[in-house]
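Colleague: Dropping a structure here in structure tokens format, bear with me for questions.
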Amino acid sequence: MKEFCKKWGKRIATPQMAVIAVITLIASFIGAWLKQYPGFSLLGALIIALLIGMIVQFPIRAWYVRNNEIRAAGVKDAAGLIANKLLRLGIILLGFKLNLDVLFTTGIKCLPLAAVIVAVTVVMTYTIARWLGVDPLLAILVAGGTGICGAAAVMAISGSIKVSKHKAEEKSNDEVIAVAIVAIMGVIFALIELVFGPMTGLSKEQLGIVAGGSLHEIAHAVAVGAALGAEGETMAMIMKLSRVLMLVVAAILIAIWWDKTKSDVKSDGKRKIAFPWFMLGFIAASVLGTLFISWWGQGGQQFSNVCVDIAYILLGMAMAALGINVNFTVLAKRGGKALLASAIASVILLGLCVLIAMLFF
């Protein structure tokens, strides 16, 4: 225990950790503030925090790091630690957003459909990306973000995948590329659905199903659903949260699949599966949040809302920290084919969701 505390104390109790923690916290609050305004609402707090992190890395390097190697290493380590650990804690607390009573009653029809949407989209996006020549890790991260729930899915899946030390930086770059791609695709398709959705002749309930089933971030589904009125917004959120619930199963299955087929981590004979334990925390938070609402009514709902607010603050910090470590050269070189794969898959996903809405709602 003494060695453990000493080891982590050296990483946490540093000036660089204090600097990056303050900067990422400010970025997270700015993202939460800006998301309430038109235009920014389509991006959402997490993507705004990521963009802020990508921007502030330049003044950090110019004014704080300069040519000091110790500070440079400290900033990189601090940002990496915040992106990794706070992300997991944020995802656990995000479980309070899932009211299982609603999903298993009003949204019972959405759950099996969400499972089909997620499974088809993840496999399809990964297949297209690999066919275009995208590396396996980037391909599966883009597939998860496109098929499940955007940035949170990218980071949750990344957290369930183990890579060797010499590929840690590549993995970090892939995370940023995947998050950027699903953000771009989400905004584009949210605008498409806002403009052309009412022209299709679908009911508001059906358009809500399409939004929740096809859009990448929760923020995208909320923005489009809000434009459809109460009925459309409710169905958009139920379908979207049904997809979010699939994140648990998807992260576990992807972790097992990756370990058996793609992992480059050396084993001593008994391979240890990189099981995403934090996803069990996500499930536990969902159960607790549902019970609290059932037992204490409005009080339980308020408690869950506070936990979700804290979750988004932590996730915003993690995304800003991720942006601070982004390598723009790698982003430009490796993002093109993955972006094309997500675009193709998103078109097919939209068509699939329109078909599902017409057949089942």
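Colleague: For the range 139-168, which residues satisfy the criterion of being in contact with a helix residue (DSSP H, G or I) (Cβ under 9 Å, 6 or more places away or on another chain), part of a helix (DSSP H, G or I) and modelled with pLDDT under 85?
Modeller: CYS149, GLY150, ALA151, ALA152, MET155, ALA156, GLY159, LYS167, ALA168
The rows are residues; the columns are (1) within 17 Å of the chain's Cα centre (by Cα); (2) closer than 25 Å to VAL179 by Cα.
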{"site": "ARG88", "(1), (2)": "yes, yes"}
{"site": "LEU93", "(1), (2)": "yes, yes"}
{"site": "LEU100", "(1), (2)": "no, no"}
{"site": "PHE104", "(1), (2)": "no, no"}
{"site": "ILE108", "(1), (2)": "no, no"}
{"site": "PRO112", "(1), (2)": "no, no"}
{"site": "VAL116", "(1), (2)": "no, yes"}
{"site": "THR127", "(1), (2)": "no, yes"}
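Colleague: Also, I was wondering about something else. Considering only residues that are closer than 30 Å to HIS216 by Cβ and open to solvent by 40 Å² or more (accessible area, probe 1.4 Å), which ones fall in the range 60-76?
Modeller: Scanning the range 60-76 gives a single hit, LYS76.
Colleague: Within the range 21-38, which residues are of a type outside the set (S, T, N, Q) and open to solvent by 50 Å² or more (accessible area, probe 1.4 Å)? Steps first, please.
Modeller: From the range 21-38, those of a type outside the set (S, T, N, Q) are 21-23, 25-27, 29-35, 37-38; that's our starting set.
Once the filter is applied, which keeps residues that are of a type outside the set (S, T, N, Q) and open to solvent by 50 Å² or more (accessible area, probe 1.4 Å), the range 21-38 yields VAL22, LEU25, ILE26, PHE29, ILE30, TRP33, LYS35, TYR37, PRO38.
Colleague: Then there is this: Would you check which residues across the range 323-338 are out of contact with any Leu (no Cβ under 6 Å at 6 or more places or on another chain) and crowded, with 19+ Cβ neighbours inside 10 Å and list them?
Modeller: ILE324, ASN325, VAL326, GLY335
Colleague: Hey, can you tell me all the residues within the range 151-205 that are open to solvent by less than 60 Å² (accessible area, probe 1.4 Å) and of a type in the set (Lys, Arg)?
Modeller: Matches in the range 151-205: LYS171 only.
Table: residues versus (1) under 27 Å from LEU94 (Cα atoms); (2) at pLDDT 90 or above; (3) touching a Cys at 6+ places or on another chain (Cβ under 9 Å).
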| site | (1), (2), (3) |
| --- | --- |
| ALA311 | yes, yes, no |
| MET317 | yes, yes, no |
| ILE324 | yes, no, no |
| ASN327 | no, no, no |
| ALA332 | no, no, no |
| ALA341 | no, yes, no |
| LEU350 | yes, yes, no |
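The values are calculated or read from the model by the stated rules, or taken from the named source; none is laboratory data. Bear in mind that the values here come from a model prediction, so they are computed numbers and not experimental data. So basically every Cβ, Gly included, is an ideal-geometry build from the backbone, and we count neighbours across all protein chains shown. Heavy atoms of the whole protein, side chains included, go into the accessibility calculation; ligands, DNA and RNA do not. Shrake-Rupley method; radii C 1.70, N 1.55, O 1.52, S 1.80 Å.
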